[in-house]
Ligand code: GLN
């Protein structure tokens, strides 16, 4: 593996390009990931926002679901936004038929919890681990986290609901920092990925 920190963006559906831009701005080499061979080459992975049932079905179709589970189980740093958060949940409260998740975070998510498309909104969110002012949270048909297990740490809440969670090297937010031009959450994830790689090379 080269010296550069390489972070992939799962590029099956969703706002892939915005994450590639945000990761590059936060100091990583960012690449789309569509095949198991590409997944094997990245230090960390972002699962973007989009539509979680579609991402789930395409991941199965592209032969990525099991390799994704294996790498997450292995401790690969992974960050999911919105639909990506749903993909990282061990359990969905209201899955659509055939919808699977990668899992990795001991949490139960509720899809579309904040309402439909026309109820999308923005709000300032204080995220543990992100220094400075609250981040601008963009919520688009966003899930919230109903509950977390003992291993998962709540990083942020909005209106009494959990909207950011971390468990080990897995990070998830209900909202979309990639749409704001503020790269501090991506910088947190790049730091997590760098720390994991440094620990491996000891
Ligand atoms: N509601 C969508 C889902 O269930 C997620 C929306 C988003 O990622 N912006 O997948």
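In summary, residue 22 fulfils each of the numbered conditions (1) over 20 Å from residue 89 (Cβ atoms); (2) surrounded by fewer than 24 Cβ atoms within 10 Å (Cβ to Cβ); (3) at pLDDT 95 or above with the single exception of condition (2). Only one of the numbered conditions (1) part of a strand (DSSP E or B); (2) within 13 Å of the ligand (Cβ to nearest atom); (3) closer than 14 Å to residue 56 by Cα is violated by residue 91, and that is (2). Considering segment 104-119, the residues that are within 18 Å of residue 154 (Cβ to Cβ) and assigned to a loop (DSSP other than H, G, I, E, B) include one that is farthest from the ligand (Cβ to nearest atom), namely 104. List the number of the failed condition for residue 85; all other conditions in (1) within 16 Å of the ligand (Cβ to nearest atom); (2) surrounded by fewer than 19 Cβ atoms within 10 Å (Cβ to Cβ) hold. Just one mismatch for residue 85, condition (2).
Among the candidates 122, 128, 100, single out the residue that is within 16 Å of residue 142 (Cβ to Cβ), surrounded by fewer than 24 Cβ atoms within 10 Å (Cβ to Cβ) and more than 10 Å from the ligand (Cβ to nearest atom). So that I can check it myself, show each step before the final result.
Working: 128 fails: within 16 Å of residue 142 (Cβ to Cβ); 100 fails: within 16 Å of residue 142 (Cβ to Cβ).
On inspection, the qualifying residue turns out to be 122.
Residue 164 meets all of the listed conditions (1) part of a loop (DSSP other than H, G, I, E, B); (2) without any contact (Cβ under 8 Å) to a residue 60 or more places away in the chain; (3) within 15 Å of the ligand (Cβ to nearest atom); (4) within 20 Å of residue 19 (Cβ to Cβ) but one, namely (1).
Can you tell me which residues in segment 141-157 are more than 14 Å from residue 80 (Cα to Cα), within 15 Å of the ligand (Cβ to nearest atom) and touching a strand residue (DSSP E or B) at 6+ places or on another chain (Cβ under 9 Å)? Once the filter is applied, which keeps residues that are more than 14 Å from residue 80 (Cα to Cα), within 15 Å of the ligand (Cβ to nearest atom) and touching a strand residue (DSSP E or B) at 6+ places or on another chain (Cβ under 9 Å), segment 141-157 yields only 146. Of the residues making up segment 175-199, those that are in a helix (DSSP H, G or I) and either within 16 Å of the chain's Cα centre (by Cα) or touching a residue at least 60 places away in the same chain (Cβ under 8 Å) (or both) number 16. When residue 185 is tested against (1) buried (at least 16 other Cβ atoms within 10 Å of the Cβ); (2) farther than 13 Å from residue 127 by Cα, exactly one condition is not met: (2). Taking the criterion of being in a loop (DSSP other than H, G, I, E, B), more than 11 Å from the ligand (Cβ to nearest atom) and more than 23 Å from residue 3 (Cα to Cα), the only residue of segment 13-62 that qualifies is 62.
For residue 131, the conditions (1) closer than 20 Å to residue 105 by Cα; (2) out of contact with any strand residue (DSSP E or B) (no Cβ under 6 Å at 6 or more places or on another chain) all hold with the exception of (1).
The values are calculated or read from the model by the stated rules, or taken from the named source; none is laboratory data. Bear in mind that the values here come from a model prediction, so they are computed numbers and not experimental data. Note that we place each Cβ from the backbone using ideal geometry, even for glycine, and neighbour counts take in every protein chain shown.
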